[in-house]
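The values are calculated or read from the model by the stated rules, or taken from the named source; none is laboratory data. These numbers come from a predicted model, not from an experiment. Ideal geometry is used to build each Cβ from the backbone, glycine not excepted, and the neighbour counts take in all protein chains shown. Remember, those area values only see protein heavy atoms, side chains included, never the ligands or the DNA or RNA. Shrake-Rupley method; radii C 1.70, N 1.55, O 1.52, S 1.80 Å.
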Amino acid sequence: MKAITIKQPWAQLICEGVKDIENRTWPTKFRGRVLIHAGVKIDENTIDSIGRINGEIARKTWFDVNDKKFSLGAIIGSVEIV
């Protein structure tokens, strides 16, 4: 099965269904299920961006980032590329 590495907290937001678009510089024709691998680093620029996402998941994510409770360097879920 294919996997894609994404920095936290974005990986968690994708798995939770909050973030439903991931833009990359490279194209893919692949469609189907892929594993989400949380990178070993947290995206430090997230603090400003996270405030733009509404809802309970964003508030939960904010506290998890600050408390460093995110899984890092692990497969945390799967999604379907459509």
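A few points about this structure:
- Looking across the stretch 17-35, the residues that are surrounded by 15 or more Cβ atoms within 10 Å (Cβ to Cβ) and assigned to a loop (DSSP other than H, G, I, E, B) come down to 18, 19.
- Here the stretch 36-51 is the region considered, the condition is being open to solvent by 20 Å² or more (accessible area, probe 1.4 Å) and of a type in the set (Val, Ile, Thr), and the residue that is farthest from residue 77 (Cα to Cα) is 47.
- Matching residues, the stretch 1-16, being of a type in the set (A, V, I, L, M, F, W, C) and outside any helix (DSSP H, G or I): 1, 3, 4, 6
- Positions within the stretch 52-82 being of a type in the set (A, V, I, L, M, F, W, C) and either open to solvent by less than 30 Å² (accessible area, probe 1.4 Å) or at pLDDT 70 or above (or both), in sequence order: 58, 65, 70, 72, 74, 75, 76, 79, 81, 82
- Close Cβ contacts (under 8 Å, 6 or more residues apart or on different chains) running from residues in the stretch 19-35 that are under 21 Å from residue 74 (Cβ atoms) to residues that are among the basic types (Lys, Arg) and part of a loop (DSSP other than H, G, I, E, B) comprise 34/2; 35/2.
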